[in-house]
Every structure is written in structure tokens, then in C-alpha cells.
1. Leaving out ligands, DNA and RNA but keeping every protein chain, what accessible area does CYS12 have, in Å² rounded to the nearest 10, with a 1.4 Å probe?
2. Can you give the Kirkwood hydrodynamic radius for segment 131-293, in Å, rounded to one decimal and based on Cα pairs?
3. Setting aside same-chain residues fewer than 8 positions from LYS84, which lysines have a Cα under 20 Å from its Cα?
4. Which value, in Å to one decimal place, does the Kirkwood hydrodynamic radius take for the chain when every pair of different Cα atoms is included?
5. Give, as a single signed number, the net charge of other residues whose beta carbon lies under 14 Å from the beta carbon of LEU280, with Lys and Arg counted +1 and Asp and Glu -1.
6. Of the accessible area of segment 131-293, with the probe set at 1.4 angstrom, what percent is carbon plus sulfur?
7. Would you list the membrane-span-like helices of the chain, meaning whole DSSP H runs whose alpha-carbon atoms span at least 24 Å along their axis and whose mean Kyte-Doolittle value is at least 1.0?
8. Relative contact order of segment 131-293, please, whole-number percent, based on alpha carbon pairs below 8 angstrom and at least 6 residues apart.
Amino acid sequence: MSGLILGIETSCDETAAALVDTSGRALSSVISSQISLHRDFGGVVPELASREHAKVILSVIEQAFTDAGREFSSAGLEAVAVTKGPGLAGSLMVGVAAAKALSIGWEVPLVGVNHLEGHIFAIELDYPEVQFPMAMLVVSGGHTMIVRAERRGEYDILGETVDDAAGEAFDKVARLLGLGYPGGPEIERLSRAGDPFAIRFPRAKTKSEYDFSFSGPKTAVANYVKSHPGAAGADVAAAFQSSVVETLVEKTVAAAITSGCASIGLSGGVGANTLLRARLAEEGERAGLAVYVPAKRNCTDNGAMIAAAGRFLLERFGPSDPELDAMPSLRLS
Ligand code: KG4
Ligand code: ZN
């Protein structure tokens, strides 16, 4: 394939666009975060999110061309890739409408991308030579799953959360501790001053070995805070962070080993967590696995991962139906 792929992502609270070249390298990656808009509400407000996407989408896309040193035109453009789901319906629709408009106006193919497959392709932005089979931990505010990729495009879900996503648990515990939104980075910051061994929060048991449950640990924190009003918030944060990270790391490495993987990868917003990044690398390498921990900006939602996945999908399956619609509850298959 010779041209550039434009990737557009609007599934949640980031409006993002990027241009990726033939070798899979991102020439630009523009991310406009809505965090300040949703902060006062302690979470993403879907109606506000879609309005904000609509407001900034065009300038974000134009900026992706400018940052790549390109004219805002179809010159050299091979396809427009866009997140079709899963995500917030109104938010997804903004990205899909923008992608369709460009695809029709410029007469370039349209490629719909599953957001979760996008996260898997985030690895290739930083590690072009991935060793398969790979066990991938996708861990964000909306998802927590271990996906085994036999090869590119062939996925098997080994485990997923039965209740809250890990990021959601970080956000809820942060709220309990009176911290701001999003909670993950706040917990990480507060943890630096705390002792992770000061408190031991119970690990949740799940019926299936590689599934996750974060609702129990969250309730354990709530009960602890209620019964220990004088407890140091930093110790609570550090102990909670450490228990979530250890669960994620243990299950991912174990799932990789038992399913005969050569490598493990990490993606999703919680993948920006410093302790998780370090512990996954340590335990993965100890188990003799190649470990792929992409740059933090490639872990959180971005357009480059959508373009990278779009390139693969175009090559493998050709363009999507031009009538492509947003699919808020799309699963990975
Ligand atoms: O992938 P993402 O940007 O958006 C989706 O949910 O799809 O992930 C956002 C989540 C939030 O729950 C946020 O608290 C969490 O990622 N997060 C973190 C960190 N940075 C973001 N969690 C733990 N530690 C972090 N440093
Ligand atoms: Zn995501």
C-alpha cells in the first residue's frame, strides 16, 4: 500500500485524528481532550461529549494534516479510517459522519474500525515487529480484557471484567478519596506519598480464571474509608493501586503463558499507569516473554491506532460499506 491513512477517533471524550504512513509510522497524532469539560460532573456527560466532538472535529483533522506537513487534501491519501464502535452513540456518530463526508468528498475508501482492535494496533505504532501469538491487556475506563492474538486480526478473548472496568474503579475510588476526575492519574499521584503495604485490600475471585472483577475491591475501599476516618488517603490510594496492578499483571502473564504466547502487550488509558507499565514489563520479561508497552499517548485513545488498524483492515478486507453506521455495543470478534 502506498498512501497515507487518516484515522479518526471520537468514541468517548477524546477527539483525535492522525496520519499514518505505509510503514505504519504516525506522521501526526492530534488529541483534543474533553477532560476539563467533564471534570465538574465527575465523569463523561454523553450529551456534552458529542457537542464538543462536533465543535472541534474539523480543526483536529486539519491539524493532523498540518502537523504531518501536508495540505488538507486527498493528495496521497489511501483511506479514511474511523472508530465505528464500541462507545457513546452520539460521540461515535460525529466521527463516522466526518469520515463519511471526507470519504465521499475526496473519493477515498472508508474503513470502519472496532475501537478495541484499534487499541491492539496501538502496539504496532511503537513496535513494528510484533511477535505472535501475543496476549494483549486492554485496560481503560470502559474495558478490561485480555485478548490473545494468534496473528494480526485473529482474536480470542481470554478474560474480561464481569463488572467495572479497571479505569472505572480508579475513577470511583478517587471520588471516594475526594480526588478529581479522571481518577487514575490522581490516584497514581497520591500513591507516591503512600505505603502500598499499609493496608491489604482483598483480591476478587472470579469464576473464570482470567476474568476480572473490580467492584468488590472498590467496595472494600469504601468500607475501609468509612471505618477508618483517620486513614491516610495516600496509603489507601497506594494499596488500592497496587492491588489492581498486581491482579492485572498476574492474570495477563498467566494467560499468556498457559495459552502459549510469545509476547504480551498493553493498551488503554490505564496503560498510562507507571506502576502497571513497570510491573508488567518485569513479570513478562521474567517469564521469558517479549513485552510491548507503547508510549503513554498511544495507550490512551488516539487516531493513530485507528489509522494503523484501518491500514490492516483495508489490506485484508477492502473498504467498508459507505453506509457505515456507528455501533455503540460492538464486540471484538
Ligand atoms: O482509554 P481511555 O483514555 O478512555 C476510555 O475509557 O476508553 O481511558 C480512560 C481511563 C480513565 O478511567 C482513567 O482514570 C484511566 O484511564 N487512567 C489511568 C491513568 N491514566 C488514565 N488509570 C490509572 N493510572 C493512570 N495513570
Ligand atoms: Zn479506548
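1. It works out to around 40 Å².
2. Numbers: mean 1/r = 0.0634 Å⁻¹.
For segment 131-293, the Kirkwood estimate is 15.8 Å.
3. Cα-Cα hits under 20 Å: LYS55, LYS100.
4. That comes to 20.1 Å for the chain.
5. Net charge around LEU280: 0.
6. For segment 131-293, the apolar C and S fraction of the accessible surface comes to 51 percent.
7. Values: long enough: 46-67 (29 Å, 0.01); 89-106 (25 Å, 1.32); 233-258 (37 Å, 0.87).
Those that clear 24 Å and a mean of 1.0 are 89-106.
8. Values: 328 pairs, mean separation 46.7, N = 163.
So the answer I get is 29 percent.
The values are calculated or read from the model by the stated rules, or taken from the named source; none is laboratory data. Please read these numbers as outputs of a predicted model, since none were measured by experiment. Because the Cβ atoms are built from the backbone with ideal geometry, glycine has one as well, and the counts that use them run over all protein chains shown. Note: areas computed on protein heavy atoms with side chains; ligands, DNA, RNA excluded. Shrake-Rupley method; radii C 1.70, N 1.55, O 1.52, S 1.80 Å.
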